[in-house]
Ligand code: AMP
Ligand code: MG
């Protein structure tokens with residue numbers, strides 16, 4: 001397949017990649033992973049009706065007419081059980097989280113009471129039964145599925161796992177990812193500066209994009225534009241779950257990536273997508289490895305990663321939310337666009353009383369990586385857009401953060 005629309009390319013990719021197997025992890029090491037099993041509650045919480053406030057446990061009928069003076073019969077701390085039943089005209093001092101004693105049906109806050117003497121309390125407010133009581137089982141009941149398989153493990157989820165004492169559980173395996181750069185003109189990080197060369201930034205920008213998803217990739221280095229050398233490097237990459245190759249995917253005389261992959265038995269599924277930047281993207285597979293041929297231009301390779309590799313990696317790791325979270329912003333200035341391809345324009349966002357305002361990061365040349373370094377997000381311009389005016393409402397995918405969403409925002 002050739003020259004797919006962005007959404008078609010994404011559908012093809014997500015249809016072709018599958019979640020990897022599962023493995024067992026300790027709760028303390030599970031942040032960012034995805035649950036591969038349902039987690040159930042192992043007790044009722046709270047185990048009994050508890051006070052939501054520091055105050056007094058009362059019978060609501062006794063304080064219908066205020067102020068009401070009640071006899072104080074005991075003090076109940078969190079972690080202790082009540083020993084007395086609250087009878088007509090009585091109350092117990094109670095702390096947050098302590099069990100509500102027999103007889104009482106409401107709690108009055110300390111702020112709404114006055115100590116008259118050591119065993120006499122005046123209550124200033126009338127309340128309904130249940131006031132400031134957290135009923136037993138409010139949080140969870142034994143056997144409830146509290147977390148479903150497919151849940152991404154956030155700090156809040158860790159708290160729930162600890163609550164049900166899930167010390168170890170199964171999560172989806174993370175893919176092993178290899179990164180390869182190609183091009184005779186490239187200079188490695190540890191090589192001296194050569195005025196005729198271009199520093200290899202793709203290896204590291206893509207490395208960081210993979211790391212941002214919690215995966216530590218393997219860097220294969222730089223392969224020269226020589227079919228034999230390229231084949232050797234590509235062969236090494238086919239040992240991994242995913243191989244990301246940048247450069248050498250366009251139509252130039254020395255763009256050998258596609259023919260070399262075919263020679264190695266990679267089934268090429270598509271090449272080229274209707275996006276700007278990122279047109280020369282290729283996608284292929286073997287039985288074991290998912291292969292992306294990313295465009296060489298540094299911005300293009302990063303944008304292609306965001307749009308196509310990121311959802312694939314999140315799908316492989318069992319996530320339900322595959323796409324960058326989008327927000328709506330107003331454009332601060334007009335933006336020229338070229339109809340025909342879905343465009344991804346790097347923008348800075350500011351928040352105003354009227355919502356988000358987007359400014360482009362300046363030149364959108366695919367070779368100027370600073371536009372990516374400055375960007376808060378990618379403004380997604382539909383393929384049929386003939387230009388944007390100041391104040392137009394636009395959709396922006398947020399580049400940073402760990403918030404993702406289920407649906408993709410392309411309109412074609
Ligand atoms: P290519 O797709 O190989 O034709 O490369 C397109 C442009 O991207 C060329 O100007 C390359 O020099 C540049 N480029 C390719 N790979 C890298 C890389 N790893 N780091 C920085 N620039 C690159
Ligand atoms: Mg090249």
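Computed from the coordinates by the stated procedures, all read-outs in this text should not be read as laboratory data. Model, not experiment: these values are computed from the prediction. Reconstructed Cβ throughout: ideal geometry from the backbone, glycine too, with neighbour counts over all protein chains shown.
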Shape of segment 207-285, Cα gyration tensor, a/c cut at 1.5: oblate
Which percent, to the nearest 5, of DSSP beta bridges fully inside the chain are antiparallel? 70
Segment 277-343 shape via C-alpha gyration tensor axes, a/c threshold 1.5: oblate
If r is the Cβ-Cβ distance from residue 190 to residue 405 and R0 is 35 Å, what FRET efficiency results, to the nearest 0.05? 0.35
Per residue, how big is the convex hull around the C-alpha atoms of segment 50-134? Give it to me in cubic angstrom, could you? 69
Quick one: give the max-minus-min coordinate of the C-alpha atoms of the chain along each principal axis, largest first, in Å. 95, 50, 41
Mean Cβ count within 10 Å, highest first, over the residues of peptides 30-36, 270-276: 270-276, 30-36
For segment 160-228 and segment 89-111, what is the centre-to-centre distance using only Cα atoms, to the nearest Å? 59
Label segment 326-398 by shape, choosing from rounded, prolate and oblate, from the square roots a ≥ b ≥ c of the eigenvalues of the Cα gyration tensor; if a/c is under 1.5 it is rounded, and otherwise prolate applies when a/b is larger than b/c, oblate when it is not. oblate
Which order, highest average first, do 109-115, 216-222 follow once you tally other Cβ atoms within 10 Å for each residue and take the mean per peptide? 216-222, 109-115
Using all alpha carbons of segment 254-412, what is the percent of pairwise distances in each 10 Å bin, ordered from the shortest bin to the longest? 11, 36, 34, 15, 4, 0
Mean Cβ-within-10 Å packing, highest first, puts peptides 146-157, 47-58 in the order 47-58, 146-157
Structure-based [θ]222 nm, the chain - -39500 (n - 2.57) summed over DSSP H runs of at least 4, per residue, nearest 500: -4500 deg cm²/dmol
